[in-house]
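Heads up: the structure comes next, in structure tokens.
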Amino acid sequence: MESLTTAQQELYDWLIDYIRANQHSPSIRQMMRAMNLRSPAPIQSRLEHLKNKGYIEWSEGKARTIRVRDDVRGVPILGTIAAGFVNEAFTDSVERLDLNGLPIQSGDYALKVTGDSMIEAMIQDGDVVIMRPVKDPQGIREGTIVAARVESGTTLKSFHRQGNQVQLKPANPNYPVMEFPADLVDVQGRLVAVWRGIDPDFTV
């Protein structure tokens, strides 16, 4: 699905919250106030883009009929990640996870965990981890749990920097610490939350 601009994402996120809280869609004027706009034209343009990109739909000629499409709501599940040794890179999103009430931000994504190397951090095989993209890898705090791409795969580990080296530490004594030159470690996200209770037959 085509990505959104910052302005389109702002309106889309607001629409989700408004419709969820009020059980009906807002007026153009309400959207103008929420987006701090004085003209309806930018709102109408953003709505058209959201519709054309498949995020919303409405009934032509009828007011307040905007609907957020159920198949694009929530956090995209981008594939699996190894809590063990390395796993293949993320796949394209095929499912979304609705996390109503959690402080999820635009850009957050989910990965299904395979393996038990993080069990002492309360992350089990089959859990879904919610990750947030890392804008500044140099600012990652010691001990942050990250999704890190190394060599030919991606793994979920605790991040530690030792000079020009990065250690990716498991939370299970049965697994070794992984150490790589810092320039070979691509931190793709940091842990925001762990979601448990996904249907055991769920696959990505």
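The values are calculated or read from the model by the stated rules, or taken from the named source; none is laboratory data. All figures in this text were calculated on a predicted structure; none of them were measured in a lab. Here the Cβ is made from the backbone with ideal geometry for all residues, glycine too, and neighbour counts use every protein chain on show. Quick note on the areas: whole protein, heavy atoms, side chains included, nothing else; ligands and nucleic acids left out. Shrake-Rupley method; radii C 1.70, N 1.55, O 1.52, S 1.80 Å.
Among what's in the range 155-183 and is aliphatic (A, V, I, L, M) and in contact with a Lys or Arg (Cβ under 9 Å, 6 or more places away or on another chain), pick the residue that is least open to solvent (accessible area, probe 1.4 Å).
Pass one, the range 155-183, residues aliphatic (A, V, I, L, M): 156, 166, 168, 171, 177-178, 182.
Still in the running and in contact with a Lys or Arg (Cβ under 9 Å, 6 or more places away or on another chain): 168, 171, 177-178, 182.
Numbers: Leu168: 0, Ala171: 19, Val177: 78, Met178: 27, Ala182: 29 Å².
Only one residue tops the list, namely Leu168.
Run down Leu11, Leu47 and say which single residue is touching a Lys or Arg at 6+ places or on another chain (Cβ under 6 Å) and not basic (Lys, Arg). Break it down into steps so the answer makes sense when it comes.
Details: Leu47 fails: touching a Lys or Arg at 6+ places or on another chain (Cβ under 6 Å).
Just a single option satisfies the conditions, and that option is Leu11.
Which residues, counting only those in the range 92-138, are open to solvent by 20 Å² or more (accessible area, probe 1.4 Å), of a type in the set (A, V, I, L, M), in a loop (DSSP other than H, G, I, E, B) and modelled with pLDDT of 90 or more?
Answer for the range 92-138, where residues must be open to solvent by 20 Å² or more (accessible area, probe 1.4 Å), of a type in the set (A, V, I, L, M), in a loop (DSSP other than H, G, I, E, B) and modelled with pLDDT of 90 or more: just Met122.
Could you please find all residues in the range 139-164 being outside any strand (DSSP E or B) and either in contact with a strand residue (DSSP E or B) (Cβ under 7 Å, 6 or more places away or on another chain) or at pLDDT 85 or above (or both)? Don't jump to the end; show me each part of the working.
Residues of the range 139-164 outside any strand (DSSP E or B): 139-144, 151-152, 163-164.
If the condition is that a residue be outside any strand (DSSP E or B) and either in contact with a strand residue (DSSP E or B) (Cβ under 7 Å, 6 or more places away or on another chain) or at pLDDT 85 or above (or both), then Gly139, Ile140, Arg141, Glu142, Gly143, Thr144, Gly163, Asn164 are the ones that fit.
Show the residue pairs that are 6+ apart or on different chains and have beta-carbon atoms under 8 Å apart, the first residue being within the range 168-179 and more than 17 Å from Leu191 (Cβ to Cβ), the second being among the small types (Gly, Ala, Ser).
Asn174/Ser117; Tyr175/Gly84; Tyr175/Ser117
For a quick check of your reading of the model, give me the residue pairs whose first member lies in the range 130-145 and is touching a residue at least 60 places away in the same chain (Cβ under 8 Å), whose second is of a type outside the set (Val, Ile, Thr) and open to solvent by 90 Å² or more (accessible area, probe 1.4 Å), with beta-carbon atoms closer than 8 Å and at least 6 apart or on different chains.
From residues that are touching a residue at least 60 places away in the same chain (Cβ under 8 Å), the pairs are Met131/Arg190; Arg132/Gln105; Arg132/Arg190.
Just to be sure I understand, how many residues within the range 48-69 are outside any loop (DSSP other than H, G, I, E, B), open to solvent by less than 60 Å² (accessible area, probe 1.4 Å) and under 15 Å from Tyr18 (Cα atoms)?
Total satisfying the criteria: 2.
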